[in-house]
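See below for the structure under consideration.
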């Protein structure tokens with residue numbers, strides 16, 4: 001019976017079942033990743049097809065609207081600046097081509113460092129226990145309460161200009177706590193589980209237990225925590241930029257918004273100036289949220305039954 | 001339940017104390033590592049205002065002494081800690097010689113008012129919507145519309161604030177663009193002032209509400225899924241109680257309590273988000289104070305505002321931790337966690 005060749009319809013049905021059985025292939029994860037990849041693609045392809053030199057001040061006529069619109073001076077937009085220009089003549093399209101990947105870069109970088117520190121501290125805390133555990137636990141409890149934005153405001157107003165990487169490093173100092181706590185809690189509960197006990201009895205080394213037995217089970221949680229931290233990092237970076245801090249010489253989306261607000265772009269109806277970076281950031285955050293919801297379904301099977 | 005175990009209280013107090021201590025220390029150390037000298041900035045401001053400053057060396061020395069920069073570092077640090085504990089953040093350099101604490105005292109009520117108001121609204125709306133998402137008797141429309149609205153959850157309030165500002169203040173002119181009350185009204189306990197405050201506060205509050213309710217709704221949804229399968233809910237249904245009664249008295253009541261602890265984790269981001277909303281709306285709170293101080297390089301104010309906001313966050317977490325076991329008798333204060 002099982003040797004009989006399946007009909008096409010049967011094979012198709014089986015494929016579909018298999019596809020929906022794999023929790024990693026859910027539509028939320030797919031769309032979320034798609035949105036983020038689109039932004040990265042704008043950053044990469046944009047540099048090939050559009051002149052990045054146009055981000056410099058005075059490369060165009062200031063405050064030009066996108067084609068099909070008119071600004072307050074009655075000028076209508078041209079295709080020389082498909083997304084218009086901002087207050088000092090920078091081309092908006094070039095600005096987002098350069099600026100959008102910068103925001104993502106800070107978010108990913110900060111979160112990656114935070115995650116590495118978190119994995120290390122979480123495993124140490126869970127495995128070593130005792131005083132080390134106490135110190136790490138209390139420290140992560142304490143640091144999770146301190147909003148990163150305010151410490152960074154103090155830092156930047158004292159030091160002035162920073163580079164993107166520097167900002168990412170600073171933010172990373174505030175996003176290691178949640179992965180640490182998460183991994184510590186999971187390690188403590190896993191230590192008691194049958195398969196870890198079994199591995200221990202069969203003489204596996206601590207490293208083997210950590211990375212071969214435990215870590216694969218933590219992957220969905222780690223991913224979830226990673227993405228949540230990317231969001232936190234970008235929010236913090238944009239927050240700094242909107243306060244006029246952050247990198248001063250590199251175009252970022254937050255800084256563009258800061259300049260737009262200060263120049264009164266809202267009253268002058270220069271919607272493309274603040275609106276385009278805002279929209280792009282919103283797309284970025286929505287993409288990250290979708291990925292996180294998708295990962296939730298992977299790690300919490302009870303949610304899969306519900307349609308969101 | 002009636003009293004808090006001493007060990008638990010001590011543990012929470014220690015966390016609170018350490019948080020405030022570490023934050024204060026960071027705020028103190030960071031500017032010390034920087035090459036910028038606050039006394040020189042002050043002098044630079046005087047020079048910019050008056051064209052030239054006579055006797056600049058003497059003034060610089062005097063300013064250094066006022067800021068306490070001549071003492072050994074350790075003494076400076078201890079003095080700083082004592083001053084911080086007593087809310088003495090020194091004098092603002094931009095609006096010399098106003099004490100920083102006076103500036104903060106003016107701004108704090110606005111921030112607290114806006115925060116508490118928007119928090120109550122989002123907690124209420126978010127939890128209700130989250131519950132309706134799971135409840136099997138909800139209308140179809142609700143089940144489709146809420147998840148759609150949920151995508152806004154991830155957007156920081158500053159972005160929603162910009163959008164609302166443009167639509168309702170710049171374009172439609174229904175609400176004022178900036179400020180916390182009108183320039184023509186006298187602050188005081190008058191009807192006109194109250195109306196003006198509400199009129200000005202509506203957009204900032206709304207921009208926070210529309211992006212934060214989803215956080216509660218998502219949490220509530222997860223909790224409701226768990227509660228839905230509980231035996232007591234099945235029993236209530238079997239007893240033939242009205243569905244609405246089951247929803248409010250059996251399901252939401254049991255699911256809402258863990259939501260309160262979620263607040264403790266989120267409060268830092270909420271406050272930071274609000275600071276930025278205040279900055280774009282030029283709302284007379286801590287956010288505007290901080291932003292003005294950054295523009296003026298007014299270190300004492302930046303330090304003071306940062307410290308007070310971190311203190312607010314830590315205190316909120318502390319209070320939630322303490323009252324939580326009182327409202328949920330299922331939870332015992334545990335020393336080890």
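Every number in this text was worked out from the coordinates using simple rules, so none of it is lab data. Not measured: the values here are computed from a predicted model. Glycine gets a Cβ as well: all are built from the backbone with ideal geometry, and neighbour counts include every protein chain shown.
Rounded, prolate or oblate for chain A? Axes are the square roots of the Cα gyration tensor eigenvalues, ordered a ≥ b ≥ c, and the cut-off for rounded is a/c under 1.5. Taking the square roots of the gyration eigenvalues as a ≥ b ≥ c, chain A is oblate.
Shape class for region B:113-297: prolate, because the ratio a/c of the largest to smallest gyration tensor axis (alpha-carbon atoms, square roots of eigenvalues) is 1.5 or more and a/b beats b/c.
Taking 7 Å steps out from each Cα toward its Cβ at residue A:33 and residue A:169 produces label points 3.2 nm apart. What does the C-alpha gyration tensor say about the overall shape of region A:78-130? Classify as rounded when a/c is under 1.5, otherwise prolate if a/b is larger than b/c, or oblate. It comes out prolate by the Cα gyration axes.
Between B:86, B:212, B:25, which gets the highest mean-square fluctuation from a Gaussian network model of chain B, Cα cutoff 10 Å? Most flexible of the set in this elastic network: B:86.
Using C-alpha pairs under 8 Å with a sequence gap of at least 6, the mean separation divided by the residue count of chain A gives a relative contact order of 24 percent. Taking the C-alpha atoms only, the angle from helix A:130-143 to the longest principal axis of chain A is near 30 degrees.
Mean-square fluctuations from a GNM of chain B, with a 10 angstrom spring cutoff on Cα atoms, peak among B:96, B:307, B:299 at B:96. When only alpha carbons of region B:182-244 are considered, Rg and Dmax amount to 21.8, 62 Å.
Helix B:299-327 axis versus longest C-alpha principal axis of chain B: approximately 30°, rounded to the nearest ten. For chain A, a Gaussian network of Cα nodes joined below 10 Å ranks A:49, A:127, A:226 by mean-square fluctuation, and the top entry is A:49.
Compute the helix-to-body angle for B:253-281: its Cα long axis versus the longest principal axis of chain B, expressed 0 to 90° and rounded to tens. For B:253-281 against chain B, the angle is about 30 degrees.
Over region B:103-165, the pair-distance histogram of Cα-Cα distances with 5 Å bins from zero comes to 3, 14, 16, 21, 17, 12, 8, 5, 3, 2, 0 percent, rounded to whole numbers.
Could you work out the helix-only [θ] at 222 nm for chain A, with each DSSP H run of four or more residues adding -39,500 (n - 2.57) and the total divided by the number of residues, to the nearest 500 deg cm²/dmol?
Computed mean residue ellipticity for chain A: -22000 deg cm²/dmol.
Our helix-only sum for chain B, with -39,500 (n - 2.57) per DSSP H run of n ≥ 4 divided by its residues, gives a mean residue ellipticity at 222 nm of -24000 deg cm²/dmol.
Averaged over every viewing direction, what's the projected area of the C-alpha convex hull for the protein assembly as shown? Give it in nm², one decimal, please.
Details: hull surface 158.2 nm².
So the Cα hull casts an average projection of 39.6 nm².
With the Kirkwood sum run over all distinct C-alpha pairs, chain B has a hydrodynamic radius of 23.2 Å.
In this rough spin-label picture, where each label sits 7 Å from Cα along the Cβ direction, the residue B:96-residue B:167 distance is 4.7 nm. Between region A:143-215 and region B:219-268, how many Å separate their Cα centres? Value for the Cα centre distance between the two parts: 32 Å. Distance between the pseudo-spin-label points of residue B:183 and residue B:137 (7 Å out from Cα toward the beta carbon): 5.5 nm.
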